[in-house]
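J.: Have a look at the structure that comes next, please.
Laboratory data are not the source of any read-out in this text; all were calculated from the coordinates shown. These numbers were taken from a predicted model, which means no experiment stands behind them. Cβ atoms come from the backbone with ideal geometry, glycine included; neighbour counts cover every protein chain shown.
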Amino acid sequence: MFKELNQYKENWEKEKTVTITNLFSDEDANEIWSWYATNRSFSKSFFTGDADADGHVPLVFADEGTEEYDKLTERVNQKLDRNEFTYRFGRTQEMHPKLIQMWQSKLFIGALEYITGYDTLEWYPDSTFTSKYEEGDFLGAHTDENHGKIAFVYQLTKDWIPQYGGLFLRMPDWRNVDKTVVPQFNELTLFEVSGNGIPHMVTQVSNGVKKMRIGYSGWLR
């Protein structure tokens, strides 16, 4: 990573997004992947937009194979068809120790500050999570407004091709795509979300796909 800092910085200045390859050693990346691939703490999360009595919109979870799962899936698909923000994907708050060690590293955060030009970037683990997208999962278009300066996704996705779906799309005008990212193993993608943010989404994972799209994501403030 550190050998290519100037190239990453140049790419960021041009596009306000950059992908850093080979973030971890092959051994460490495979260890992290194996830990998440067999982790049982993932729960399928849904965004319905329904507020509770206090006016907050809570996370909603359901187990696959249940009536509630089928009902929520139908609900979010209807919202997607109406072009309303929604999502369905698995998530966990558990973090592999090597991810914690990396994101706590002053050297690592300092490198990200150099690349993006921000004087100070702060990592808050409570505002991060690891996602697992499987067949039919997606994340609707949104901006990440008020979440931070930089959004990131560290990809733990193996052998992924565009036909599987699950593509990151950036759409500055909410319609036309100016950046597409096919998730690749052991890559870290950064993108600007300060101010009003920039619309982006993750396309639906195609029918019949049995692989998992796993990524650790969050924001730097």
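J.: Give me the tail of P(r) for the stretch 69-123 as a percent: Cα-Cα pairs with distance above 19 Å.
T.: Of all Cα-Cα pairs in the stretch 69-123, 57 percent lie more than 19 Å apart.
J.: Taking the radius of gyration and the Kirkwood hydrodynamic radius from Cα positions alone, what is the Rg/Rh ratio for the stretch 77-155, to two decimal places?
T.: A ratio of 1.03.
J.: Is it possible to state the helix-based mean residue ellipticity at 222 nm for the chain, with each DSSP H run of 4+ residues giving -39500 (n - 2.57), the sum divided by total residues, to the nearest 500 deg cm²/dmol? What is it?
T.: That calculation yields -8000 deg cm²/dmol at 222 nm.
J.: Give the angle, between 0 and 90 degrees and rounded to the nearest 10, that separates the Cα long axis of helix 26-37 from the longest principal axis of the Cα atoms of the chain.
T.: 20
J.: Beyond 13 Å, what share of the Cα-Cα pairs of the stretch 121-179 remains, rounded to the nearest whole percent?
T.: 73
J.: If I take R0 = 35 Å and measure r between the Cβ atoms of GLU67 and ARG221 in this structure, what FRET efficiency does the formula 1/(1 + (r/R0)^6) give, to the nearest 0.05?
T.: E between GLU67 and ARG221, to the nearest 0.05, is 0.35.
J.: So what are the ³J(HN,Hα) numbers for the stretch 89-94, from phi and the Karplus equation (6.51, -1.76, 1.60; θ = phi - 60°), rounded to whole Hz, Gly and Pro as x?
T.: 6, x, 8, 8, 8, 5
J.: Could you tell me the calculated FRET efficiency between GLU84 and ASP119, based on Cβ-Cβ distance and R0 = 41 angstrom, to the nearest 0.05?
T.: That pair, GLU84 with ASP119, gives E of 0.65.
J.: Moving on. How large is ³J(HN,Hα) for each residue in the stretch 106-117, as worked out from phi by the Karplus curve 6.51 cos²θ - 1.76 cosθ + 1.60 (θ = phi - 60°), to whole Hz, x for Gly and Pro?
T.: Residue by residue, the stretch 106-117 yields 5, 5, 5, 5, x, 5, 5, 5, 5, 5, 8, x Hz.
J.: Go through LYS158/LYS211; LYS132/LYS211; LYS44/LYS211; LYS16/LYS106 and tell me which ones have a Cα-Cα distance over 18 Å in this structure.
T.: LYS16/LYS106
J.: Could you tell me which GluC sites (Glu not before Pro) in the stretch 107-194 are loop residues by DSSP with no more than 14 other beta carbons within 10 angstrom of their beta carbon?
T.: Answer in residue order: GLU122, GLU145.
J.: Given H placed on each backbone N at 1.01 Å, which residues far from PHE47 in sequence or on other chains put an amide H within less than 5 Å of it?
T.: Excluding prolines and chain starts, which carry no amide H, the hits are TYR87.
J.: Something else: What is the diffusion coefficient of the stretch 43-88 in µm²/s, taking the Kirkwood radius over Cα pairs and the Stokes-Einstein relation at 10 °C with a viscosity of 1.306 mPa s?
T.: 145
J.: Please report the Cα spread of the stretch 138-221 along all three principal axes, rounded to whole Å, starting with the longest.
T.: Per principal axis, max minus min of the Cα coordinates gives 38, 26, 17 Å.
J.: Loop-only trypsin sites (Lys or Arg not before Pro) in the stretch 1-102, please: DSSP not H, G, I, E or B, and at most 12 other Cβ atoms within 10 Å.
T.: ARG40, ARG82
J.: How much length is gained on full extension from ASP178 to GLN101, taking 0.36 nm per residue of separation minus their Cα-Cα distance?
T.: 24.4 nm
J.: Calculate the length of the line joining the C-alpha centroid of the stretch 180-221 to that of the stretch 47-88, in whole Å.
T.: Cα centroid to Cα centroid, the span is 20 Å.
J.: Taking only C-alpha pairs under 8 Å that are 6+ residues apart, what is the relative contact order of the chain in percent?
T.: Relative CO of the chain lands at 25 percent.
J.: With no solvent and one equal point scatterer placed on each C-alpha of the chain, evaluate the Debye formula and give log10 I(q)/I(0) for q = 0.10, 0.14 Å⁻¹, two decimals.
T.: The Debye formula, applied to the Cα set alone, gives -0.44, -0.90.
J.: Give me the net charge for the shell around LEU72: Cβ to Cβ below 11 angstrom, other residues only, Lys and Arg +1, Asp and Glu -1.
T.: -2
J.: Please list, in order along the stretch 71-76, the HN-Hα scalar couplings obtained from phi with the Karplus expression 6.51 cos²θ - 1.76 cosθ + 1.60 (θ = phi - 60°), rounded to whole Hz, x for Gly and Pro.
T.: Each residue's phi maps through the Karplus curve to give 5, 5, 4, 4, 5, 6 Hz.
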